[in-house]
Amino acid sequence: MFPIALQSLMLASVATGDAIMLGRIEQDAMSAVSLASQIQFVQNIILNAVTGTVVILAAQYWGKGDRKRVNDIFIMGLRIVGIASLVFFLGCTLTPGILMRLFTNEPALIVTGSSYLHIAGWSYLITGISQCYLALMKVSEHVGSAALISSVTVILNLILNAVFIYGLLGAPSMLADGAALATVTARVIELVWAVTSFFRKGWMKPDLTRFFARDKQLAADFRRIILPLVGASMLWGIGFTSYTAFIGHMGSDAAAANSVSAVIRELMCCLCNGISAAGGIMIGNELGAGKLERGKIYGIRLAKLAVLNGLAATVIVLLITPFILRFMVLTAEAQRLLVYMMVIMAFYMIGRCTNTVVINGIFDCGGDTLFDMYSLVVMMWLVAIPLAFAGAFIFHWSPILVYACTCLDEVGKLPWVFVHFRKYKWVKDLTR
């Protein structure tokens, strides 16, 4: 759990570093990069669905001891992320202005964000490949190495951020473009390091000669897991991006406050991401080895831990709010909005942390991937999004009330999640 949580924390620190460094200089630059990063957010949603499927299936086959199947599952994931990464790369480098207009109508933010995307798009081309290799590390009992690679490259990213944003060590001050250049450099190093790690003695050697090989039965299992995951991920990703777009159209102060709260939210979710990923792998190993009762016991313990983590996150968010306000350079109105957003987010964290572990960790590890999609359709797309849209564009509610609407989905589906948990549909051996 701790290496994966650290990895998640380090990845979230990139967005934090961008926000802090740019926010100390110019509010519009910070807001533009935050809005532009929603493109990568959507790409990460797809990549997470693919690598999540790789981890779900590979963890069970690793527990069973079938290394050949683990390799074939990894290759399937590699093919899919390659295609997805190419699509996002072309969109960001060829039509960045069109993409920025989806999130804001402020001309200054569109210009700055478009320039950022034109450079950062190169990192989107290679991120998926490195994430597949890191996922294979986690499954094959090298989670510490995966965390080390992510952590070191993120630290490098942050250092390069400072160099290119502020113009240190003789480099020109590039502001938002500097943040993009730092990201590209770090992602290239991450990819090279991840790939070469598998040449070490005693490590599983991915057989890339099977890149075009087909295993119809395994491919069918892969599709059965990934399609609901992609569906749920897209529903959640597009919905979450819509929230940002709604608030982004309510003025630069609202966009700035939401940008800061989004960074804090992702930092606070790092521990639950670690619990979810590590617990899912552990339960998957047991289920794949045929130890269903032990897998069920692990799931029950994990669900209890998820609730405790959510409550702790609520307290922490409330405690750190005064420090965030003093540190960030925001207008008086943006600060006022941020206070209310942080209070609302504090209680939202109970639902977010619990649902992340139970749905993405426990349910998914046993192949119960459809529930997430159903719950998102009901709570996000039929409740939260219509309310937030109506509040922002029809009734012209305050940004605070619109933000509260965007937090309804995670809290609202909590009872539904635990009713489904008690059915134990996730206690399944997926191997053949």
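The values are calculated or read from the model by the stated rules, or taken from the named source; none is laboratory data. All values reported here derive from a predicted model rather than from experimental measurement. Here the Cβ positions follow ideal geometry from the backbone for every residue, glycine too, while neighbour counts run over all protein chains shown. Protein only, heavy atoms only, side chains kept; ligands, DNA and RNA dropped before computing areas. Shrake-Rupley method; radii C 1.70, N 1.55, O 1.52, S 1.80 Å.
Here are the numbers for this structure:
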read-out: Percent carbon-and-sulfur accessible area, the chain, ignoring ligands, DNA and RNA, probe 1.4 Å; value: 70
read-out: Point-charge dipole on Cβ atoms (K/R +1, D/E -1) for segment 195-257, about Cα centre, debye to 20; value: 560
read-out: Distant alpha-carbon pairs in segment 331-432 (separation over 24 angstrom), percent; value: 35
read-out: P(r) histogram, all alpha-carbon pairs of segment 239-318 included - 5 Å bins from 0, percent; value: 3, 13, 17, 14, 13, 12, 10, 8, 5, 3, 1, 0
read-out: Exposure rule at most 11 other beta-carbon atoms within 10 Å, DSSP loop chymotrypsin sites (Phe, Trp or Tyr not before Pro): the chain longest free segment; value: 1-198
read-out: Value of D in µm² per second that Stokes-Einstein yields for segment 65-138, Kirkwood Rh from Cα pairs, at 25 °C (0.890 mPa s); value: 176
read-out: Dimensionless Rg over Rh [the chain; C-alpha; Kirkwood]; value: 0.96
read-out: Cα-centred dipole magnitude for the chain, charges only on beta-carbon of K, R (+1) and D, E (-1), debye, nearest 20; value: 1560
read-out: Cα Rg, Dmax, segment 91-191, angstrom units; value: 15.7, 49
read-out: Efficiency of FRET between Leu86 and Val329 - r from beta-carbon atoms, R0 41 angstrom, step 0.05; value: 0.60
read-out: Calculated FRET value between Arg210 and Phe395, using beta carbons and R₀ = 51 Å, to 0.05; value: 0.35
read-out: Quarter of the Cα convex hull surface for segment 187-300, i.e. its orientation-mean projected area (nm²); value: 11.8
read-out: Helix-derived mean residue ellipticity, 222 nm - over the chain, DSSP H n ≥ 4, -39500 (n - 2.57), to 500; value: -26500 deg cm²/dmol
read-out: ³J(HN,Hα) computed for each position of segment 92-109 - Karplus, 6.51 cos²θ - 1.76 cosθ + 1.60, integer Hz, glycine/proline x; value: 6, 8, 9, 10, x, x, 4, 5, 5, 5, 5, 10, 7, 10, 7, x, 5, 5
read-out: Per residue solvent-accessible surface (Å²) - segment 53-150, probe of 1.4 Å; value: 35
read-out: Contact order relative to length of segment 346-427, as percent, for alpha carbon pairs under 8 angstrom and 6 or more apart; value: 47
read-out: The chain, relative contact order in percent, only Cα pairs under 8 angstrom and at least six apart counted; value: 23
